[in-house]
1. Any idea which residue in the range 206-219 is farthest from Val85 (Cα to Cα), counting only those that are open to solvent by less than 70 Å² (accessible area, probe 1.4 Å) and either touching a His at 6+ places or on another chain (Cβ under 8 Å) or in contact (Cβ under 8 Å) with a residue 60 or more places away in the chain (or both)?
2. Are any of the residues in the range 16-31 within 30 Å of Arg271 (Cα to Cα), part of a helix (DSSP H, G or I) and modelled with pLDDT under 85?
3. Would you check which residues across the range 183-230 are modelled with pLDDT under 80 and among the aromatic types (Phe, Trp, Tyr) and list them?
4. Does Ala152 fit the bill of being in a helix (DSSP H, G or I) and open to solvent by less than 80 Å² (accessible area, probe 1.4 Å)?
5. Between a residue in the range 70-84 that is among the hydrophobic types (A, V, I, L, M, F, W, C) and any residue that is in a helix (DSSP H, G or I), which pairs come within a Cβ distance under 8 Å, given they are 6 or more apart or on different chains?
6. Right, Arg49: assigned to a helix (DSSP H, G or I) and open to solvent by 70 Å² or more (accessible area, probe 1.4 Å) or not?
7. Within the set of pairs 6+ apart or on separate chains, which have a first residue in the range 1-28 that is in contact (Cβ under 8 Å) with a residue 60 or more places away in the chain, a second that is surrounded by fewer than 12 Cβ atoms within 10 Å (Cβ to Cβ) and not hydroxyl-bearing (Ser, Thr, Tyr), and C-beta atoms under 6 Å apart?
8. Could you grab me the full set of residues in the range 240-262 that are under 14 Å from the mean Cα position of the chain (by Cα) and open to solvent by 10 Å² or more (accessible area, probe 1.4 Å)?
Amino acid sequence: MLPAVRHGSPLRRLVLLAALTLVWVSAVLLLSAGFVPQLDGSETELSIRITFLILGVLVAALPVVVVWLPHRRLVTQQVQAVLAVETARPQVPPVSAWVGPKPVFQRLRWTAYTLVLIPLLTLLLSAANFWMYLDEDAAATVALMFSAVPLAFLVVTMTTPHRIVRGVQAGIDAGQVIPVRVPRRADREALLGSAQQSWFEACLPDGQRVVLRTPVRFAAEARGVLDAPDLALVVGRGGHQGALIAPSRPEDAVWLLGPVPQVRVPRDVLRAFEEDGG
């Protein structure tokens, strides 16, 4: 049996984002305290620095332990339950025959670029100022070390379409394909701009239902593909990626935003499903 879908809300996401920001800012301050430029070599000061560094690493790892790992366990349970449904596995053409995910994930990538470039440029400019004007080599080194984090996220954002393609193809190769029907959908307009996000309630062959969603996108999906009799759900590697595809219309694949399927759904989307008779 599929685990019950948990409820989410914008307020929960806001509180969680604020808490994560506070935790990571605290981690940066603790790690920075361990790299104070002045060092007289005393054992007391060295032990204090080591304590700050250890606390900084522990605080930075807190969101991973408290938020990310439990979330991944839920996703893993959901994916295993979906793939445990006994049914014939449809034959799906390789991802190279589909429309690529780049246009659909364009808005998500540009938003990520904006969020990542702000701290990256701030840290790089700070390092340059420390080196050139303040003559604080140690502080400049710390700023450069911290800039590796947004730089890594920048690389991840740039390679998002390629990673999605590889992940979905890995799911196809592993047989993670299951026929579905999509009797209900709910479309939501973005707060800014004309972009749109769609939520789908998909029915598995055994009658159980899962919830899927697309990224907030500018490109409109091909109409009618969700009603195709050969519609199938492809679950990518680890449930991080996925797509809805009709093998007879591979060029009209609907790319999904992970996790696939969803483990937490906003209440207003669930109410929209209830209002839609399907």
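The values are calculated or read from the model by the stated rules, or taken from the named source; none is laboratory data. Quantities reported herein were computed from a predicted structural model and do not represent experimental measurements. Note: ideal-geometry Cβ built from the backbone for every residue, glycine included; neighbour counts use all protein chains shown. To get the accessible areas, we keep the full protein, side chains included, count just its heavy atoms, and leave off ligands, DNA and RNA. Shrake-Rupley method; radii C 1.70, N 1.55, O 1.52, S 1.80 Å.
1. Ala219
2. Scanning the range 16-31, I find no residue that is within 30 Å of Arg271 (Cα to Cα), part of a helix (DSSP H, G or I) and modelled with pLDDT under 85, so the answer is no.
3. Result: Phe218, single match.
4. Criteria met by Ala152.
5. Here the result reads Val75/Gly238; Val75/Gly239; Val79/Gly238; Val79/Gly239, each pair linking the range 70-84 to a residue that is in a helix (DSSP H, G or I).
6. Values: assigned to a helix (DSSP H, G or I): yes; open to solvent by 70 Å² or more (accessible area, probe 1.4 Å): no.
Here the answer is no, as Arg49 does not meet what is asked.
7. Close Cβ pairs (under 6 Å, with a partner that is surrounded by fewer than 12 Cβ atoms within 10 Å (Cβ to Cβ) and not hydroxyl-bearing (Ser, Thr, Tyr)) amount to His7/Arg267.
8. His240, Gln241, Leu257, Gly258, Pro259
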